[in-house]
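Heads up: the structure comes next, in structure tokens.
The values are calculated or read from the model by the stated rules, or taken from the named source; none is laboratory data. In this text, all values refer to a predicted model and were calculated from it rather than measured experimentally. Cβ placement follows ideal geometry from the backbone for every residue including glycine, while neighbour counts extend to all protein chains displayed. Keep in mind that these areas ignore ligands, DNA and RNA; they rest on the heavy atoms of the full protein, side chains included. Shrake-Rupley method; radii C 1.70, N 1.55, O 1.52, S 1.80 Å.
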Amino acid sequence: MANRRELLALLLAGGAALALSGIAPYDRATWLMEVAPIFLGVPLLLATASRFPLTPLLYRLLFVHALILMMGGHYTYARVPLGSWIQHLLGLARNDYDRLGHFAQGFVPALIAREVLLRTSPLKPGRWLFFLVTCVALAISACYEFIEWGAALLGGAAATDFLGTQSDPWDTQWDMFTALIGALSAQLLLARRQDRELVQLVAPG
């Protein structure tokens, strides 16, 4: 019951945040593209919540990831105030908020992949699971770069805000590297906690 209340609170808070992010965004088309994973993911999570619920850890991380996407969609990644503040504070050459987004793009999907593999395959915690989860996270990151490439081909200059390269010729490589760091960090930091929550989740009764 407590978990259901928390999930409902996350859903309501996420819905409110999404609505706020959609009020006068910098560019409506960019906002739609950035928050599209939320519109796709939330219905899927709701549809599978009864027969394949996730751990509380994952639901919380998905909520945080959604907030990162909403912020990037509202301002565009190159203009998020938090990133601009850090840029000026540290004397960086660019607004690195998009690096946070790609770190989360590796961090959260890695734990989703890990949870699904542990529950639906013969894999056990160990080196092979660690390796395969990392590969899945990198594959997701690469697919997202294909999406950005397609947006650039179709939208031309209009897709600049969605791409968020900020004239960095190595932006794609940095994005994938940051996702890799996220995937490795997630497993090193949270694997044991996820295992404990999985035991409670799948325990009889």
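Just checking, how many residues over region 63-98 are out of contact with any Phe, Trp or Tyr (no Cβ under 7 Å at 6 or more places or on another chain) and among the β-branched types (Val, Ile, Thr)? Total satisfying the criteria: 3.
For region 67-83, does any single residue satisfy the condition of being without any contact (Cβ under 8 Å) to a residue 24 or more places away in the chain, in a helix (DSSP H, G or I) and open to solvent by less than 30 Å² (accessible area, probe 1.4 Å)? Yes, that holds for at least one residue.
The residue of region 174-205 that is most open to solvent (accessible area, probe 1.4 Å), among those that are within 12 Å of Leu57 (Cα to Cα) and of a type in the set (D, E, K, R), is Arg192. Residue pairs whose Cβ atoms lie under 7 Å apart, sitting 6 or more positions apart in sequence or on different chains, and linking a residue in region 84-98 that is closer than 13 Å to Met71 by Cβ to a partner that is of a type outside the set (Gly, Ala, Ser) and open to solvent by less than 30 Å² (accessible area, probe 1.4 Å), are Ser84/Asn95; Asn95/Val80; Tyr97/Tyr77; Tyr97/Val80; Asp98/Tyr77.
Contact map, region 169-182: residues that are in contact (Cβ under 8 Å) with a residue 60 or more places away in the chain and closer than 16 Å to Leu111 by Cβ paired with residues that are among the polar types (S, T, N, Q) and in a helix (DSSP H, G or I), Cβ distance under 7 Å, separation 6+ or inter-chain. Pairs shown: Ala179/Gln105; Ala179/Ser141; Gly182/Gln105. What tally of residues in region 1-43 results from selecting those that are in a helix (DSSP H, G or I) and touching a residue at least 60 places away in the same chain (Cβ under 8 Å)? Residues flagged as in a helix (DSSP H, G or I) and touching a residue at least 60 places away in the same chain (Cβ under 8 Å) within region 1-43 amount to 4. Any residue in region 130-145 that is over 16 Å from Ala191 (Cα atoms), of a type in the set (Asp, Glu) and part of a helix (DSSP H, G or I)? Yes, the conditions are met somewhere in region 130-145. Each residue in region 21-37 was checked for being among the hydrophobic types (A, V, I, L, M, F, W, C), out of contact with any Leu (no Cβ under 6 Å at 6 or more places or on another chain) and surrounded by 11 or more Cβ atoms within 10 Å (Cβ to Cβ), and 5 of them qualify.
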